[in-house]
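Worksheet: one structure, shown below.
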Amino acid sequence: MQLQQRYNRHIILPEIGEEGQMKLGKAKVLLIGVGGLGSPIALYLAAAGVGRIGLVDDDVVSESNLQRQVLYTESEVGQPKVICAARRLQALNSQLVVDTFPCRLTGENAEELISPYDLVIDGCDNFPTRYLISDVSARLHIPYIYGAIREFDGQVAVFNLPGGKTYRELFPETETSQMETPPKGVMGVLPGVVGCVEASEAIKLITGCGEPLNGKLWTIDLKTMNTFLFSL
Amino acid sequence: MIIKVNNKEMELSSQASLQQLAETLQMPDKGVAVAVNNQMIPRTKWSETILQENDQVVVIKAACGG
(Lines give C-alpha, C1' and ligand atoms only; values in the text may rest on other atoms or scores of the structure.)
Protein backbone atom coordinates (compact mmCIF):
# COMPACT_ATOMS: atom_id res chain seq x y z
CA MET A 1 0.00 0.00 0.00
CA GLN A 2 1.32 3.41 -0.95
CA LEU A 3 2.01 5.71 1.98
CA GLN A 4 1.10 8.69 -0.18
CA GLN A 5 -2.29 7.28 -0.95
CA ARG A 6 -3.20 5.75 2.37
CA TYR A 7 -2.38 8.88 4.38
CA ASN A 8 -3.26 11.38 1.67
CA ARG A 9 -5.77 13.28 3.83
CA HIS A 10 -3.06 13.87 6.43
CA ILE A 11 -0.32 14.62 3.91
CA ILE A 12 -2.33 17.32 2.16
CA LEU A 13 -2.70 19.19 5.45
CA PRO A 14 0.18 21.71 5.43
CA GLU A 15 0.47 21.33 9.25
CA ILE A 16 1.19 17.60 8.91
CA GLY A 17 2.45 16.94 5.39
CA GLU A 18 4.71 14.11 4.36
CA GLU A 19 7.17 14.98 7.08
CA GLY A 20 4.54 14.74 9.81
CA GLN A 21 3.30 11.46 8.42
CA MET A 22 6.85 10.06 8.47
CA LYS A 23 7.10 11.11 12.13
CA LEU A 24 3.87 9.23 12.89
CA GLY A 25 5.31 6.14 11.21
CA LYS A 26 8.38 6.28 13.44
CA ALA A 27 6.46 7.04 16.65
CA LYS A 28 6.21 4.60 19.55
CA VAL A 29 3.23 5.10 21.86
CA LEU A 30 2.37 3.20 25.04
CA LEU A 31 -1.33 2.96 25.87
CA ILE A 32 -2.09 2.09 29.48
CA GLY A 33 -5.55 0.51 29.60
CA VAL A 34 -7.48 -0.66 26.56
CA GLY A 35 -11.05 -0.06 27.71
CA GLY A 36 -13.44 2.81 27.03
CA LEU A 37 -10.77 5.46 26.47
CA GLY A 38 -8.23 3.02 25.08
CA SER A 39 -10.55 1.77 22.33
CA PRO A 40 -10.83 4.98 20.30
CA ILE A 41 -7.26 5.98 21.18
CA ALA A 42 -5.85 2.72 19.79
CA LEU A 43 -8.11 2.69 16.72
CA TYR A 44 -7.37 6.28 15.71
CA LEU A 45 -3.64 6.05 16.33
CA ALA A 46 -3.48 2.82 14.30
CA ALA A 47 -5.51 4.43 11.53
CA ALA A 48 -3.30 7.54 11.65
CA GLY A 49 -0.24 5.44 10.87
CA VAL A 50 1.54 5.45 14.23
CA GLY A 51 4.34 2.92 13.79
CA ARG A 52 4.34 1.12 17.12
CA ILE A 53 1.70 0.89 19.84
CA GLY A 54 2.18 -0.89 23.17
CA LEU A 55 -0.96 -2.07 24.96
CA VAL A 56 -0.99 -2.64 28.73
CA ASP A 57 -4.11 -4.25 30.23
CA ASP A 58 -4.66 -7.39 32.31
CA ASP A 59 -8.43 -7.53 31.82
CA VAL A 60 -10.65 -9.73 29.66
CA VAL A 61 -13.58 -8.49 27.58
CA SER A 62 -16.86 -8.60 29.48
CA GLU A 63 -20.41 -8.09 28.26
CA SER A 64 -20.85 -4.78 30.08
CA ASN A 65 -17.78 -3.41 28.22
CA LEU A 66 -19.52 -3.55 24.85
CA GLN A 67 -21.68 -0.49 25.60
CA ARG A 68 -18.60 1.74 25.06
CA GLN A 69 -15.44 -0.31 24.34
CA VAL A 70 -15.76 -0.22 20.57
CA LEU A 71 -12.64 -2.32 19.93
CA TYR A 72 -14.43 -5.51 20.97
CA THR A 73 -17.22 -7.77 19.71
CA GLU A 74 -19.70 -10.13 21.37
CA SER A 75 -17.71 -13.18 20.29
CA GLU A 76 -14.64 -11.87 22.18
CA VAL A 77 -16.29 -11.84 25.62
CA GLY A 78 -13.97 -13.65 28.01
CA GLN A 79 -10.84 -13.14 25.88
CA PRO A 80 -7.85 -10.99 26.94
CA LYS A 81 -8.31 -7.39 25.81
CA VAL A 82 -4.74 -6.86 24.60
CA ILE A 83 -4.95 -9.92 22.32
CA CYS A 84 -8.34 -8.90 20.83
CA ALA A 85 -7.17 -5.31 20.48
CA ALA A 86 -3.93 -6.29 18.74
CA ARG A 87 -5.86 -8.46 16.27
CA ARG A 88 -8.31 -5.65 15.49
CA LEU A 89 -5.59 -3.01 15.14
CA GLN A 90 -3.44 -5.14 12.85
CA ALA A 91 -6.48 -5.88 10.68
CA LEU A 92 -6.95 -2.12 10.40
CA ASN A 93 -3.28 -1.41 9.68
CA SER A 94 -0.91 -4.24 8.72
CA GLN A 95 2.10 -1.88 8.91
CA LEU A 96 1.50 -1.32 12.61
CA VAL A 97 3.65 -3.10 15.19
CA VAL A 98 1.68 -3.92 18.35
CA ASP A 99 3.36 -4.87 21.64
CA THR A 100 1.00 -6.64 24.03
CA PHE A 101 1.48 -6.59 27.80
CA PRO A 102 -1.31 -8.58 29.48
CA CYS A 103 -0.45 -7.26 32.93
CA ARG A 104 -1.12 -4.32 35.22
CA LEU A 105 1.26 -1.39 35.39
CA THR A 106 3.06 -1.70 38.73
CA GLY A 107 5.83 0.03 40.61
CA GLU A 108 8.06 -2.88 39.62
CA ASN A 109 7.43 -2.92 35.85
CA ALA A 110 6.49 0.70 35.09
CA GLU A 111 9.93 2.00 34.17
CA GLU A 112 10.74 -1.01 32.00
CA LEU A 113 7.38 -0.77 30.20
CA ILE A 114 7.35 3.01 29.69
CA SER A 115 10.99 3.79 28.86
CA PRO A 116 11.11 2.33 25.28
CA TYR A 117 8.26 4.62 24.13
CA ASP A 118 8.11 8.25 22.97
CA LEU A 119 4.92 9.02 24.85
CA VAL A 120 2.42 7.49 27.24
CA ILE A 121 -1.31 7.81 26.75
CA ASP A 122 -3.85 7.25 29.47
CA GLY A 123 -6.71 4.77 29.17
CA CYS A 124 -6.63 3.53 32.76
CA ASP A 125 -9.42 3.51 35.30
CA ASN A 126 -7.98 4.41 38.69
CA PHE A 127 -6.03 7.09 40.56
CA PRO A 128 -3.04 5.00 41.77
CA THR A 129 -2.14 3.99 38.20
CA ARG A 130 -2.32 7.62 37.10
CA TYR A 131 0.07 8.71 39.85
CA LEU A 132 2.39 5.88 38.85
CA ILE A 133 2.28 6.83 35.15
CA SER A 134 2.84 10.47 36.06
CA ASP A 135 5.78 9.84 38.40
CA VAL A 136 7.61 7.40 36.16
CA SER A 137 7.04 9.25 32.88
CA ALA A 138 8.04 12.57 34.51
CA ARG A 139 11.25 10.98 35.77
CA LEU A 140 11.96 9.62 32.28
CA HIS A 141 10.99 12.96 30.62
CA ILE A 142 8.39 11.18 28.52
CA PRO A 143 5.22 13.18 27.76
CA TYR A 144 2.06 11.88 29.45
CA ILE A 145 -1.27 12.45 27.74
CA TYR A 146 -3.79 12.32 30.56
CA GLY A 147 -7.48 11.60 30.11
CA ALA A 148 -10.18 10.60 32.57
CA ILE A 149 -13.95 10.25 32.57
CA ARG A 150 -16.79 10.25 35.06
CA GLU A 151 -20.48 9.82 34.21
CA PHE A 152 -20.95 12.62 31.60
CA ASP A 153 -17.73 14.54 32.36
CA GLY A 154 -14.34 14.19 30.74
CA GLN A 155 -10.93 15.85 31.02
CA VAL A 156 -7.67 15.82 29.07
CA ALA A 157 -4.24 17.37 29.68
CA VAL A 158 -0.66 16.90 28.52
CA PHE A 159 1.93 16.59 31.26
CA ASN A 160 5.73 16.46 31.50
CA LEU A 161 6.52 18.75 28.57
CA PRO A 162 9.40 21.18 29.19
CA GLY A 163 8.09 23.98 31.41
CA GLY A 164 4.85 22.07 31.84
CA LYS A 165 3.01 20.49 34.74
CA THR A 166 2.47 17.04 36.21
CA TYR A 167 -0.67 15.14 37.15
CA ARG A 168 0.13 15.65 40.84
CA GLU A 169 -0.12 19.40 40.34
CA LEU A 170 -3.67 19.00 39.00
CA PHE A 171 -4.82 16.55 41.67
CA PRO A 172 -2.44 16.14 44.62
CA GLU A 173 -2.78 12.70 46.20
CA THR A 174 -4.36 14.34 49.27
CA GLU A 175 -7.27 15.31 46.99
CA THR A 176 -8.03 11.79 45.78
CA SER A 177 -7.05 9.55 48.70
CA GLN A 178 -10.07 8.37 50.64
CA MET A 179 -12.42 10.40 48.49
CA GLU A 180 -15.86 8.95 47.90
CA THR A 181 -15.74 6.15 45.33
CA PRO A 182 -16.72 7.71 42.01
CA PRO A 183 -19.87 6.30 40.39
CA LYS A 184 -19.40 3.51 37.83
CA GLY A 185 -22.05 4.74 35.41
CA VAL A 186 -20.81 6.33 32.21
CA MET A 187 -22.53 7.52 29.06
CA GLY A 188 -21.19 5.21 26.36
CA VAL A 189 -20.03 7.91 23.95
CA LEU A 190 -18.11 9.82 26.64
CA PRO A 191 -14.88 7.77 26.34
CA GLY A 192 -15.23 8.15 22.57
CA VAL A 193 -15.22 11.94 22.84
CA VAL A 194 -12.43 12.08 25.43
CA GLY A 195 -10.29 9.30 23.91
CA CYS A 196 -10.40 11.04 20.53
CA VAL A 197 -9.13 14.25 22.13
CA GLU A 198 -6.27 12.28 23.71
CA ALA A 199 -5.44 10.69 20.34
CA SER A 200 -5.56 14.15 18.78
CA GLU A 201 -3.06 15.45 21.36
CA ALA A 202 -0.80 12.46 20.59
CA ILE A 203 -0.87 13.18 16.84
CA LYS A 204 -0.17 16.86 17.54
CA LEU A 205 2.80 16.07 19.80
CA ILE A 206 4.27 13.58 17.33
CA THR A 207 3.89 15.75 14.24
CA GLY A 208 4.50 19.08 15.98
CA CYS A 209 1.31 20.58 14.60
CA GLY A 210 -0.88 22.96 16.58
CA GLU A 211 -0.57 23.72 20.29
CA PRO A 212 -0.66 20.83 22.75
CA LEU A 213 -2.63 21.05 26.01
CA ASN A 214 0.64 21.86 27.78
CA GLY A 215 -0.06 23.11 31.30
CA LYS A 216 -3.72 23.23 30.42
CA LEU A 217 -6.74 21.14 31.32
CA TRP A 218 -9.60 20.69 28.88
CA THR A 219 -12.94 19.60 30.27
CA ILE A 220 -16.31 18.73 28.79
CA ASP A 221 -19.72 18.02 30.30
CA LEU A 222 -21.83 16.16 27.75
CA LYS A 223 -25.04 16.95 29.66
CA THR A 224 -24.73 20.69 29.06
CA MET A 225 -21.94 20.73 26.45
CA ASN A 226 -20.12 23.19 28.69
CA THR A 227 -16.45 22.96 27.86
CA PHE A 228 -13.53 24.78 29.48
CA LEU A 229 -9.83 25.25 28.96
CA PHE A 230 -8.03 25.95 32.23
CA SER A 231 -4.47 27.01 32.92
CA LEU A 232 -2.86 24.80 35.54
CA MET B 1 -21.73 41.06 44.28
CA ILE B 2 -22.55 38.69 41.46
CA ILE B 3 -20.24 35.85 40.48
CA LYS B 4 -20.77 32.80 38.33
CA VAL B 5 -20.35 29.29 39.66
CA ASN B 6 -20.35 26.60 36.98
CA ASN B 7 -21.98 29.03 34.55
CA LYS B 8 -24.80 29.90 36.98
CA GLU B 9 -25.09 33.32 38.57
CA MET B 10 -24.75 33.56 42.32
CA GLU B 11 -25.11 36.53 44.67
CA LEU B 12 -22.51 37.02 47.40
CA SER B 13 -23.61 39.34 50.23
CA SER B 14 -20.11 40.47 51.07
CA GLN B 15 -16.54 40.06 49.94
CA ALA B 16 -15.56 36.44 50.23
CA SER B 17 -12.56 34.26 49.69
CA LEU B 18 -12.66 31.13 47.59
CA GLN B 19 -12.41 29.17 50.84
CA GLN B 20 -15.56 30.88 52.16
CA LEU B 21 -17.37 30.15 48.90
CA ALA B 22 -16.34 26.50 49.18
CA GLU B 23 -17.84 26.41 52.68
CA THR B 24 -21.04 28.16 51.56
CA LEU B 25 -21.44 25.69 48.72
CA GLN B 26 -20.52 22.79 51.02
CA MET B 27 -17.93 21.63 48.54
CA PRO B 28 -16.45 18.27 49.47
CA ASP B 29 -13.12 18.49 51.30
CA LYS B 30 -11.61 16.09 48.75
CA GLY B 31 -11.80 15.21 45.10
CA VAL B 32 -12.29 18.61 43.48
CA ALA B 33 -10.25 21.18 41.61
CA VAL B 34 -11.41 24.78 41.37
CA ALA B 35 -10.66 27.41 38.74
CA VAL B 36 -11.30 31.14 38.91
CA ASN B 37 -11.41 32.86 35.53
CA ASN B 38 -9.95 29.75 33.88
CA GLN B 39 -6.93 29.61 36.20
CA MET B 40 -6.74 26.59 38.50
CA ILE B 41 -6.33 27.55 42.16
CA PRO B 42 -4.76 24.90 44.41
CA ARG B 43 -6.68 24.24 47.63
CA THR B 44 -3.74 25.67 49.61
CA LYS B 45 -4.45 29.09 48.03
CA TRP B 46 -8.24 29.17 48.45
CA SER B 47 -8.11 31.28 51.64
CA GLU B 48 -5.96 33.99 50.11
CA THR B 49 -7.99 34.14 46.87
CA ILE B 50 -10.54 36.94 47.23
CA LEU B 51 -13.41 36.78 44.77
CA GLN B 52 -14.21 39.81 42.62
CA GLU B 53 -17.40 40.91 40.87
CA ASN B 54 -18.11 38.82 37.75
CA ASP B 55 -15.54 36.16 38.62
CA GLN B 56 -16.19 32.84 36.92
CA VAL B 57 -15.72 29.96 39.32
CA VAL B 58 -15.73 26.41 37.97
CA VAL B 59 -15.62 23.32 40.17
CA ILE B 60 -14.21 20.18 38.55
CA LYS B 61 -14.62 16.76 40.06
CA ALA B 62 -11.64 14.44 40.12
CA ALA B 63 -12.35 11.70 37.59
CA CYS B 64 -10.66 8.33 37.41
CA GLY B 65 -12.71 6.34 34.91
CA GLY B 66 -11.39 5.11 31.63
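The values are calculated or read from the model by the stated rules, or taken from the named source; none is laboratory data. Note that this is a predicted model, so its numbers are computed, not measured. Glycine gets a Cβ as well: all are built from the backbone with ideal geometry, and neighbour counts include every protein chain shown. SASA here: full protein model, heavy atoms, side chains in, ligands and nucleic acids out. Shrake-Rupley method; radii C 1.70, N 1.55, O 1.52, S 1.80 Å.
A few remarks follow.
- Listed residues A:Trp218, B:Trp46 arranged by accessible area, highest first, probe 1.4 Å: A:Trp218, B:Trp46
- Estimated FRET transfer efficiency when R0 is 35 angstrom, pair A:His141-A:Gln2 (beta carbons, to 0.05): 0.45
- The dipole here belongs to the stretch A:65-137: it is taken about the Cα centre, uses +1 on the Cβ of Lys and Arg and -1 on the Cβ of Asp and Glu, and is about 340 debye.
- FRET efficiency for A:Ser115 and A:Gln90, using Cβ-Cβ distance with R0 set to 25 Å, rounded to 0.05: 0.55
- Mean-square fluctuations from a GNM of chain A, with a 10 angstrom spring cutoff on Cα atoms, peak among A:Leu96, A:Leu37, A:Leu13 at A:Leu13.
- Across A:Lys184/B:Lys8; A:Lys81/B:Lys8; A:Lys23/B:Lys61; A:Lys28/B:Lys45; A:Lys81/B:Lys30, pairs whose alpha-carbon gap is larger than 31 Å: A:Lys81/B:Lys8; A:Lys23/B:Lys61; A:Lys28/B:Lys45; A:Lys81/B:Lys30
- The aspartates and glutamates within cross-link reach of A:Lys223, meaning a Cα-to-Cα straight distance under 18 Å and a gap of 8 or more places when in the same chain, are A:Glu151, A:Asp153.
- For chain B, accessible area per residue (1.4 Å probe, heavy atoms of protein chains only), Å²: 55 Å²
- Spatial separation of Cα centroids for the stretch B:13-66 and the stretch A:8-42, in angstrom: 36 Å
- Toward the positive end of the charge dipole of the stretch A:1-145, with +1 on the Cβ of Lys and Arg and -1 on the Cβ of Asp and Glu, the farthest Cα among A:Gln5, A:Ile83, A:Leu24 is that of A:Gln5.
- By accessible area with a 1.4 Å probe, ligands and nucleic acids excluded, highest first: order of A:Thr129, A:Thr227: A:Thr227, A:Thr129
- Antiparallel bridges, percent of DSSP beta bridges restricted to the protein assembly as shown (to nearest 5): 60 percent
- Residues whose amide H lies under 5 Å from that of A:Leu119, counting only those 5 or more places away or on a different chain, are A:Lys28, A:Leu30; hydrogens are built 1.01 Å from N in the peptide plane.
- Distance from the stretch A:176-216 to the stretch A:122-171 (C-alpha centre basis), Å: 9 Å
- Dipole magnitude of the protein assembly as shown, debye to nearest 20 (Cβ charges: Lys/Arg +1, Asp/Glu -1, about Cα centre): 600 debye
- Computed over chain A with a Gaussian network model linking Cα atoms closer than 10 Å, the most mobile of A:Glu211, A:Glu180, A:Glu111 is A:Glu180.
- Across A:His141, A:His10, the residue with the most accessible area heads the list, and the full order at a 1.4 Å probe is A:His141, A:His10.
- Compared with its chain on its own, the stretch A:115-142 contains the following residues whose accessible area drops by 20 Å² or more in the full protein assembly (probe 1.4 Å; ligands, DNA and RNA excluded): A:Asp125, A:Phe127.
- Taking the stretch A:91-232 and dividing mean pair separation by its residue count, relative contact order in percent (alpha carbons under 8 Å, at least six apart): 22 percent
- Modelled label positions at B:Lys4 and A:Ser62, each set 7 Å beyond Cα in the direction of Cβ, lie 4.1 nm from each other.
- Normalised by the number of residues in the stretch A:33-74, the mean separation of alpha-carbon contacts (under 8 Å, six or more apart) gives a relative contact order of 55 percent.
- Simple rule: put +1 on each Lys or Arg Cβ and -1 on each Asp or Glu Cβ in the stretch B:2-61, find the dipole, and look at B:Trp46, B:Asn6, B:Val32; the Cα lying farthest toward the positive end is B:Val32.
- Zone of A:Leu13's modelled label, taken as backbone nitrogen in the stretch A:188-232 under 19 Å from a point 7 Å along Cα→Cβ: A:192-214, A:218
- Taking all protein chains as shown and a probe of 1.4 angstrom, A:Thr224 keeps an accessible surface of around 80 Å².
- Percent RCO, i.e. relative contact order, over the stretch B:2-61, from Cα pairs under 8 Å lying at least 6 residues apart: 50 percent
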